[in-house]
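Enquirer: First the structure, which I've put down as structure tokens, then a few questions once you've had a look.
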Amino acid sequence: MLTKGVLLATALAFIGCGLLSFFWPIVISGYIGYGLTNADSKIEMVAMYGGLEIGLGLFYLLGARKKAYSKGSLILIIMTVGGLTIGRLFAFAVNSDPVTSYTYGAIFYESITCVLAFIALSKIK
């Protein structure tokens, strides 16, 4: 039950953010504070925040629907979302500029997601 819940919730979060970034990158970039000043920056936003998140979300969804993919999907969540968490915490620690609710929310979501994914993974035989 926990495995399916973690995978489904993470899939929906990634697919939802991915679709928003894919079709309306200015919304996400504005919220984060990124300036999309040229075609390269727009393409990068659509590819990394859109395409990559959609692809990861679909794999997490596959893990929620097919037991054979559950373990691999949980491991991928721990690695990808864990990497985001570590990167954010490091950057937060070395950055003297103030941050917004975006960073606090992302750290909170990513930390909880990693812990839950790790617990779910530990329960798989």
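Enquirer: (1) among the β-branched types (V, I, T); (2) loosely packed, with under 13 Cβ neighbours inside 10 Å; (3) touching a Cys at 6+ places or on another chain (Cβ under 7 Å): which one isn't true of I78, the others all being true?
Expert: The one condition I78 does not meet is (2).
Enquirer: Looking only at residues that are among the aliphatic types (A, V, I, L, M) and in contact (Cβ under 8 Å) with a residue 12 or more places away in the chain in the range 21-33, which one is farthest from E44 (Cα to Cα)?
Expert: Selected residue: I32.
Enquirer: Further question: So for the range 33-46 (the condition being of a type in the set (A, V, I, L, M, F, W, C) and touching a Leu at 6+ places or on another chain (Cβ under 8 Å)), does at least one residue qualify?
Expert: Checked against the condition, which is being of a type in the set (A, V, I, L, M, F, W, C) and touching a Leu at 6+ places or on another chain (Cβ under 8 Å), the range 33-46 yields at least one hit.
Enquirer: For the range 26-125, list the helices (runs of 4 or more DSSP H) that sit wholly inside it and hold at least 2 residues that are within 27 Å of G5 (Cβ to Cβ); which are they?
Expert: Filter on the range 26-125 gives 52-65, 70-94, 101-123.
Enquirer: I need every pair where a residue in the range 62-76 that is farther than 9 Å from L121 by Cα and without any contact (Cβ under 8 Å) to a residue 60 or more places away in the chain has its Cβ under 6 Å from the Cβ of a residue that is aliphatic (A, V, I, L, M) and surrounded by fewer than 21 Cβ atoms within 10 Å (Cβ to Cβ), sequence separation at least 6 or different chains.
Expert: Pairs that qualify, where the first residue is farther than 9 Å from L121 by Cα and without any contact (Cβ under 8 Å) to a residue 60 or more places away in the chain and the partner is aliphatic (A, V, I, L, M) and surrounded by fewer than 21 Cβ atoms within 10 Å (Cβ to Cβ), are Y69/L62.
Enquirer: Could you please find all residues in the range 34-51 being crowded, with 16+ Cβ neighbours inside 10 Å and either of a type in the set (S, T, N, Q) or touching a residue at least 12 places away in the same chain (Cβ under 8 Å) (or both)?
Expert: Passing the criteria: M45, V46, Y49, G50.
Throughout, read-outs are computed from the coordinates displayed, never taken from laboratory work. None of these values were measured; they are calculated from a predicted model. With ideal geometry, Cβ positions are generated from the backbone for all residues, glycine too; neighbour counts draw on all protein chains shown.
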